[in-house]
Amino acid sequence: MADLKLTDVEKTYGGTVQVLRDINLDIDQGELIVFVGPSGCGKSTLLRMIAGLEKITGGELQIDGQVVNDVPPSERGIAMVFQSYALYPHMTVRDNMAFALKIAGKSKAEIDEAVNAAAAKLQLENFLDRLPKALSGGQRQRVAIGRSIVRDPKVYLFDEPLSNLDAALRVATRIEIAQLKEQMPESTMIYVTHDQVEAMTLASRIVVLAGGGVAQVGSPLTLYEKPNSTFVAQFIGSPAMNLLGGKIVGTGETTTLELEEGGGTITSHYPSKPEDMGAPVKVGIRPEDMTETDANDFAYHGTVEITEALGEVTLLYFQKSAPDHDPVIGKLSGIHKELRGQDVKLTAAPEKVHVFKDDISLLYRDETVFLPGVQPH
Amino acid sequence: MNPIFQGLITIVVGVGGCVGYFYFANLILDRFIFPAKGPEAGRNINRANQVRPWLFLFPAMFALSLYLVYPVFGSFIRSLYNRAGTEFIGFGNYLNLFGDSAFQTAFFNNFLWVLVVPAMATFLGLLVAQLTDRLAWGNIAKSLIFMPMAISFVGASLIWRFVYAADPDIGIINAIRVYFGAEALDPLQVPFWNNFFLMVILIWIQTGFAMVILSAALRGIPEETVEAAIIDGANPFQVFFRIKVPQIMGTIVVVWTTITILVLKVFDIVYAMTGGNFDTEILPSYMMDFMFRDDGRATAVAFVIMIVVLPVMIWNIVQARKEMR
Ligand SMILES: Nc1ncnc2c1ncn2[C@@H]1O[C@H](COP(=O)(O)OP(=O)(O)OP(=O)(O)O)[C@@H](O)[C@H]1O
Ligand SMILES: [Mg+2]
């Protein structure tokens, strides 16, 4: 029920350590924004600044058009779900959920109604009189979510809410959160995670934070299909996108590229300008976009060193061209153990070939792109 | 013989004796009593493992029973005999006690002590622990408040004798009184209230203890529960009383009962400050009055104290165990 606007927000600890700078974000009502980024890039810090738990040392945060830099957390209309759940251990589930309303001086009838409604939504009715220590991890997480629902906040903040759960439960809870969001299309949610699947499935838009700034903002598919820099290209997707050295040998609506390693020539749908002719670039191809070929317009060829057959796909790790290079990785559908030790040629469709000049995608050449200057993994 | 040399020998013999006991007792058990060979090797190993804990615990249990359990029964029996210890008089000493108005005063005063001292020391300790938590100079403040813990009760009493001195040139209380035009008096002779003036000394000493334990407990509270409460709209008082205090309740109870048990043991303060005069007697100092003069009666008092302490002690242990889990 609210939109957020961050203008030139920055965070400096102790006057010297700058962890975030120039954060500009416009978040619309009803969006589910996911913050991703390497560990320590400031995701939690930014979330806590929005919550009001951390002071904003520069710039402006608006919620619903109102500057809230100095508004205490409880008056910002936000609710937060912590990674460790942060349930009050001495209170029953019911009291945990009712706490905020009791503090706000709501009547008993009102409190009961809100708590019961939230409990019904999260299937917690049978646990209302238990203490948190008598609940499983998934149930605790639901109580933590229930505690925020009860307050009917404008903005929900989640800091890695699922990372303490085991894999199966994480999937189940992720789906529950997606359903919850559907039931509450009005509310805005901001969600921090390390998990790419969570980010790709839940987000309406993903914010990639790195090196103290925003590397790219966009829908999950935009980030996947049109990353603005080599950083984002390699950060989103697993295994990471292959980056091959090459140069531009044909410009125009589409770009023709000659590759150093493996030596083939391929075409990309990225447009280029005449002055790009001969420019050294990085050619990005996702492992899953690579296909085996016999033709001469291959993108890459090399000896397969290791194969990992995962059932539905097989990962091919090629011999490194130099010890400090990452190996090129191919992902072919089906089982291809026989390719181990063989010389394999790979290519990719033109629309799957990304071109980066000076680490910036040719698609974004006219925009300012923030390069984090750190390794994505 | 040179006393240093003597001391060294004692240490070597003591430590060596302990190590030797464990080593040889273990050796004998494994080699000779239940040897791990022959047809019953497996069974012997199991039996040896069952005996071993008791073997190792034996010295401690022996010392404890000799110096703790035996005296309890010894005292009880002694309390049933007359002053000289020659004649069995049943519960005579106890009957005499309860009839003695001095004992009743001591009992009542002790009741006040138990009520006030642990409560105040715990409360102040908690307050200081919370207030100094975020301060840059909090650790200095804490060290200062902890310092009285290092002073013996008699030493502390001596310090407070100066504070309470009737001479306005020495005692700060009377200095202030005189400054405001009131007359100097001896605080320790003010009926009823003098009890509280004595309690202040023990509170002064024990606040540091409570502070240290509670400060550690406060640090152990997950920061996120506090942050969640702040987001839920709780003000600092509500965060403290509704989120923090309940989470460390177990520790508070342990501190409280520990001080309660101490209160029932301290006689030094009363002994050094008033000698039990002016109606300030408490049970331990009352007991001291009879010790070596009428051991029958003194042990009877000791027994009364023990019976009073026992439930507090049990509660303390139960709580402390819960805390450790
Ligand atoms: N009090 C502080 N003083 C100085 N630096 C701090 C302080 N608190 C956090 N930082 C730094 O701020 C950076 C961002 O921390 P933050 O917890 O926001 O990272 P994160 O992106 O949430 O990481 P993770 O994914 O591991 O949770 C880190 O590099 C951290 O070292
Ligand atoms: Mg974090």
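Where a number appears in this text, it was derived from the coordinates with a stated rule and is not lab data. Predicted model, so just to flag it, every value in this text is computed and none were measured. Here the Cβ is made from the backbone with ideal geometry for all residues, glycine too, and neighbour counts use every protein chain on show.
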Handout entry: Mean projection area, nm², convex hull over Cα of the stretch A:4-230
Key = 12.9
Exercise for the section: Return the subset of A:Lys43/B:Lys244; A:Lys11/A:Lys43; A:Lys43/A:Lys282 for which the Cα-Cα distance in this structure is over 20 Å, preserving the input order. Expected result: A:Lys43/B:Lys244; A:Lys43/A:Lys282
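Relative to 2.2 N^0.38 Å, what does the C-alpha radius of gyration of the stretch B:3-78 come to as a ratio? Two decimals please.
Against the compact-globule rule of thumb, the ratio is 1.57.
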Practice task
Kindly identify chain B as rounded, prolate or oblate by the Cα gyration tensor criterion: order the square roots of the eigenvalues as a ≥ b ≥ c, call it rounded if a/c is under 1.5, otherwise compare a/b with b/c, prolate if a/b is larger, else oblate.
Solution key: oblate
Fill in the blank from the handout: Once A:Asp22 and A:Asp70 are pulled to full extension, the length gained, defined as 0.36 nm per residue separation minus their Cα-Cα distance, is 15.4 nm
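For a Förster distance of 30 Å, can you work out the FRET efficiency between the beta-carbons of A:Thr291 and A:Asp324, rounded to the nearest 0.05?
Numbers: r = 28 Å, r/R0 = 0.93.
It comes to 0.60.
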Handout entry: Loop-located chymotrypsin sites (Phe, Trp or Tyr not before Pro) in the stretch B:126-160, at most 15 other Cβ atoms within 10 Å (DSSP)
Key = B:Trp137
Practice task
For the stretch A:17-86, run through the trypsin sites (Lys or Arg not before Pro) and keep only the ones in DSSP coil with at most 14 other Cβ atoms within 10 Å of their Cβ.
Solution key: A:Lys55
Exercise for the section: Would you please state the base-10 log of I(q)/I(0) at q = 0.16 1/Å for the stretch B:124-251, with intensities from the Debye formula using one equal scatterer on every alpha carbon? Expected result: -0.87
Practice task
Determine the dipole magnitude for the protein assembly as shown: charges of +1 sit on the beta-carbon of Lys and Arg, -1 on that of Asp and Glu, nothing else is charged, the reference point is the Cα centre, and the result goes in debye to the nearest 20.
Solution key: 2900
Exercise for the section: Sorted from largest down, give the three principal axis spans of the alpha carbons of the stretch B:17-133, whole angstrom values. Expected result: 72, 60, 26
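At 4 °C and 1.567 mPa s, what whole-number value in µm²/s does Stokes-Einstein give for the translational diffusion of the stretch A:239-363, with Rh from the Kirkwood sum over Cα pairs?
89
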Problem - Ellipticity estimate at 222 nm from DSSP helix runs (n ≥ 4, -39,500 (n - 2.57)) divided over the protein assembly as shown, nearest 500 - result: -14000 deg cm²/dmol
Fill in the blank from the handout: Extension length gain for B:Arg219 and B:Glu323 (0.36 nm per residue less Cα distance), in nm, is 36.0 nm
Practice task
Ignore the peptide's own chain and count Cβ atoms of other chains within 10 Å of each Cβ in A:77-85; give me the average, rounded.
Solution key: 3
Fill in the blank from the handout: Mean per-residue count of partner chain Cβ within 10 Å for A:141-150 equals 1
Exercise for the section: Describe numerically, in nm with one decimal, the distance between label points set 7 Å from Cα along Cα→Cβ at B:Ala60 and at A:Gln123. Expected result: 4.9
Fill in the blank from the handout: proj_area_mean for the protein assembly as shown (convex hull on C-alpha atoms), units nm², value 53.6
Handout entry: Relative contact order [Cα under 8 Å, 6+ residues apart], chain B, whole percent
Key = 23
Handout entry: Segment A:Ser204-A:Tyr364, length gained on full extension (0.36 nm per residue, minus Cα span)
Key = 55.5 nm
Exercise for the section: Pairs of Cα atoms under 8 Å, at least six residues apart: use those to get the relative contact order of the stretch A:1-156, whole percent. Expected result: 23
Practice task
Quick one: compute the contact order of chain A, relative version, from alpha carbon pairs under 8 angstrom and 6+ residues apart, as a percent.
Solution key: 15
Handout entry: Computed FRET value (nearest 0.05) for A:Gln179 with A:Glu308, which takes r as the C-beta separation and R₀ as 30 Å
Key = 0.30
Practice task
Per residue of B:220-226, count partner chain C-beta atoms within 10 Å of its C-beta, then hand back the mean as an integer.
Solution key: 5
Handout entry: Evaluated at q = 0.17, 0.21, 0.22, 0.23 Å⁻¹: base-10 log I(q)/I(0), Debye formula over Cα of the stretch A:178-299
Key = -0.93, -1.20, -1.27, -1.33
Exercise for the section: Check each of the trypsin sites (Lys or Arg not before Pro) in the stretch B:30-68 and keep only those in coil by DSSP with at most 16 other C-beta atoms within 10 angstrom; list them in order. Expected result: B:Lys37
Exercise for the section: For B:Val51 paired with A:Thr256, estimate the spin-label separation in nm (one decimal), with each label point 7 Å from Cα along the Cα-to-Cβ line. Expected result: 9.4
